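A.B. asks: I'd like to ask some things about the structure below.
The numbers here are math on the coordinates, done by the rules we state, and not lab data. Since we're looking at a predicted model, the values are computed, not measured. Counting neighbours? That spans all protein chains shown, and the Cβs are built from the backbone with ideal geometry, glycine included.
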Amino acid sequence: MDITMPVMTGIEALKKIKKGYKDAKVIMVTSHGEEKLVMESITSGAKGYILKPINADKISTVLNKVFPVL
């Protein structure tokens, strides 16, 4: 989920998701200049984040970390 969205922030949406679905594994997406927001998203329950610009290697790394193969 993008941290910066038009109607509500990604962090607000994350908190609503986690309230209704405590086990939800949410990965946030952000640009490089938003370190404070990344930390806030992690403390709010995000399981990981991907920095823009996004590429397949970044996505694969984060997905494998959040959803490890058993």
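A.B. asks: Mind telling me which of 56, 24, 13 comes out most flexible in a GNM of the chain, alpha-carbon contacts under 10 Å?
C.D. replies: 56
A.B. asks: Whole-Hz ³J(HN,Hα) for each residue in segment 35-44, computed from phi via Karplus 6.51 cos²θ - 1.76 cosθ + 1.60 with θ = phi - 60°, x for glycine and proline: what do you get?
C.D. replies: 4, 4, 5, 4, 4, 5, 5, 5, 5, 8
A.B. asks: Between residue 35 and residue 2, take the C-beta separation as r, use R0 = 22 Å, and let me know the FRET efficiency to the nearest 0.05.
C.D. replies: On the way: r = 16 Å, r/R0 = 0.71.
My answer for the efficiency is 0.90.
A.B. asks: Under 19 Å Cα-Cα from residue 18, which aspartates and glutamates qualify once same-chain neighbours fewer than 8 residues away are excluded?
C.D. replies: In chain and number order, the partners are 2, 40.
A.B. asks: Residue 65 versus residue 51, label points 7 Å from Cα toward the beta carbon: distance in nm?
C.D. replies: That separation, rounded to one decimal, is 1.1 nm.
A.B. asks: Taking the chain as a Gaussian network, Cα atoms linked when under 10 Å apart, which of 41, 60, 31 shows the biggest mean-square fluctuation?
C.D. replies: It is 60.
A.B. asks: What value, in deg cm²/dmol to 500, does the helix sum -39500 (n - 2.57) over DSSP H runs of n ≥ 4 give at 222 nm once divided by the residues of the chain?
C.D. replies: Per the formula, -13000 deg cm²/dmol.
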